[in-house]
C-alpha cells in the first residue's frame, strides 16, 4: 500500500477534481455536470464525517492530557471539556434529536448565554483601544480617523440626530470611496485565488498535504 | 505629560452608556438606510406563491447581531403569500437557536401557515458552499429529508421545487459571497444578506453592482427592519444603547487625540 502514501495521488486527485468542478461552473457539459453534482453531494457527507473526526481528535488530544499531564488544573480543564462535549452529544442524540428538553435547557443556559457574553467583552477592548490607540500621528491617519468617526456616527441612529451632514457624508463614504477601495481589494483577492487554484491544479501548491506545514 | 484616564473608568462609563437607555429608552429617530429598504421592497414585490430560500445559520455568539434581523425578516415573509424553505448552512447551532429563540418569536405568524405546504425546515446541512452548490443544482438529491425525517418527495411544498431555478429569492445569514457565487451568478436568483454590522462597508460593492438585492447589517439595520414591518422587537429596544455607545467611542477617539496633541506639544511621546 506504499502507493497510497505517495503525495502524487492526492495531488493528482485534487487537480482532476478541481479542474472538473472549475469547468462545470463555466461550461454546460451534461456528463461533467452529472459527475460534479454527485461529487457535491459526496462532499456534504464527507463534511459530516469531518465533524465526527473532530470529536475523535478532541478525545485523543484531551484524553492524552487527562492521562499524562501532571498539572492538575490542565487535567481538570481537559476532563471538563470531554465531559461537556459528550454530555451535549448524548443529550443531543436523545429523541427528538437536538430537540430534547434537557439538551435545549443545557444549550440555552450555557452556550446561548456564554457565547454572546464573551463576544460582548470586545466592546470594552474596543472602547479602551479607541482612546489609547487611534492616534492622528500624521495627515493620513488623521484622514482615516475623521472618516472612521463619520462612519461610526453614520452607523448609529444618533448620527443624523446630531447633524444631518453626518448622514450625507457617511452615505457618500459608504457608496463612493469604500466601494472603490473594496472593489480593488476584491479584484486583487480574486486574481490571487485564481493563481492559487492554478498552482493547486498543477501540483505546485502542496502545503495542504502537510498538517501545519508551510510552502 | 498629560495623565491618561484609568481604563476602568471608561469601562464603567460604557456600562452606564449601554445600560441606561435599555432601562429608560430615549426614543431617538431611526432613519431607514437604502440596503434595508431594498430588501423590504424586494419582499413586498414578490408575486404570490414565490419560493424563498431562508438560511437561518445563526450562532449563539452572533445572536445579538443576527437574531433580531432573522426574526424581523421572517415575520415579513410569513405575513406575505410566499413559500419558505428554511435551512441552516453557516453553523450547526442554527436549528437549536431557531427552535429556542426564533420560533417562539414568530409563533403567531407560523400559526397561520401550514408546515409542509407554506414552509418547510431542512435543519443543518454540512458542507457550506459545496452544499449550497448541490442544493442549487438539485434539491431533491442534496436534501433527502426535512428536519422531522419526512422524505423530500412527500413534502407538498417541494413537489414543484427542484433547483435554484425555482427560487424567487435567497435570504442568508453570515457571509454573502458564497451565495452570490452559487445562486446569483449561475442562476440569477436575487440574494439578500443578514450580516454583522462591521461587514456593511465591505458588502457595499455587491449592493451597488446589484449582486445583493438587500442587506440587513447588524442590530441597527435590524431595528430599521422592525420599524418597516411595524413590529418593534429586540433590535428596536437596543437602538438607543447602540447610538450612545457609538457616540461614546467617537468622543473617546477625539479626547484621546486631544491628549496626544497636548502631550506632544509638551515634548512627550
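In this simple spin-label model, placing a label point 7 Å from the Cα along the Cα-to-Cβ direction at both residue A:190 and residue A:7 gives a separation of 3.2 nm.
Full-extension gain between residue A:144 and residue A:75, please, as 0.36 nm times their residue separation minus the C-alpha to C-alpha distance.
Numbers: separation 69, 0.36 × 69 = 24.84 nm, distance 4.73 nm.
Going from the current span to full extension adds 20.1 nm.
Angle check, please: helix B:234-265 long axis (alpha carbons) against the longest principal axis of chain B (alpha carbons), in degrees 0 to 90, nearest 10. So the inclination is approximately 40 degrees. With kT/(6 pi eta Rh) evaluated at 20 °C and eta = 1.002 mPa s, and Rh the Kirkwood radius from Cα pairs, region B:1-44 diffuses with a coefficient of 151 µm²/s according to Stokes-Einstein.
Taking the fewest neighbouring Cβ atoms within 10 Å as the starting point, the ordered list for B:159, B:42, B:83 is B:159, B:42, B:83. Residues A:55, A:66, ranked from the fewest to the most other C-beta atoms within 10 Å, line up as A:55, A:66.
Think of it as helices only: each DSSP H run of n ≥ 4 in chain A is worth -39500 (n - 2.57), and spread over all residues that comes to -26000 deg cm²/dmol at 222 nm. Separation of region A:34-100 from region B:66-136 is 26 Å, based on Cα centroids.
Descending by average beta-carbon neighbour count within 10 Å, the peptides A:120-127, A:158-165 line up as A:158-165, A:120-127, the highest first.
Any idea how far the Cα center of region A:141-180 sits from the one of region B:165-183, in Å? Rounded to whole Å, the Cα centres lie 29 Å apart. For the protein assembly as shown, the share of DSSP beta bridges that are antiparallel, to the nearest 5, is 5%.
Panel order for B:121, A:71, A:115, by other beta carbons found within 10 Å of each beta carbon, from fewest to most: A:71, A:115, B:121.
Return one quarter of the surface area of the convex hull spanned by the alpha-carbon atoms of region A:144-188, equal to its mean projected area, in nm².
On the way: hull surface 12.5 nm².
Convex hull of Cα atoms, orientation-averaged projection: 3.1 nm².
Report, as an integer, the average count of C-beta atoms from other chains found within 10 Å of each Cβ along A:173-185.
4
How large is the Kirkwood hydrodynamic radius of chain B, in angstrom, based on all distinct alpha carbon pairs? Before the final figure, lay out each step's value.
Numbers: mean 1/r = 0.0498 Å⁻¹.
One decimal place: 20.1 Å for the Kirkwood radius.
Regarding region A:74-120, what whole-number volume in Å³ per residue does the convex hull of its Cα atoms give? Mind showing how you got there, number by number?
Numbers: hull volume 3.2 nm³, N = 47.
Dividing the Cα hull volume of region A:74-120 by its residues yields 69 Å³.
Across all directions, the average projected area of the convex hull around the alpha carbons of chain A is 22.1 nm². Ignoring solvent entirely, what values of log10 I(q)/I(0) come out of the Debye formula for the protein assembly as shown at 0.07, 0.10, 0.11 Å⁻¹ when each Cα is a single scatterer? Treating every Cα as an identical point scatterer, log10 I(q)/I(0) equals -0.46, -0.94, -1.11.
For region B:1-110, the Cα-based Rg and Dmax, in that order, read 19.2, 69 Å. Legend: mean number of C-beta atoms from other chains within 10 angstrom of residue C-beta atoms, peptide B:88-94, equals 1.
Please give the calculated 222 nm ellipticity per residue for chain B, where each DSSP H segment of at least 4 residues contributes -39500 (n - 2.57) and the sum is spread over every residue; nearest 500 deg cm²/dmol? Please list the in-between numbers first.
Values: 10 runs with 117 residues, N = 269.
The helix-only estimate for chain B comes to -13500 deg cm²/dmol at 222 nm.
What would the Debye formula give as log10 I(q)/I(0) at q = 0.24 Å⁻¹ for the alpha-carbon point model of region B:103-152, no solvent? Debye intensities relative to I(0), on a log10 scale: -0.93.
Note on region A:105-215: semi-axes of the ellipsoid equivalent to its C-alpha gyration tensor, largest first and rounded to whole Å, are 36, 27, 16.
Laboratory data are not the source of any read-out in this text; all were calculated from the coordinates shown. Only a predicted model underlies this, so the values are computations on that prediction, with no experimental measurement involved. Reconstructed Cβ throughout: ideal geometry from the backbone, glycine too, with neighbour counts over all protein chains shown.
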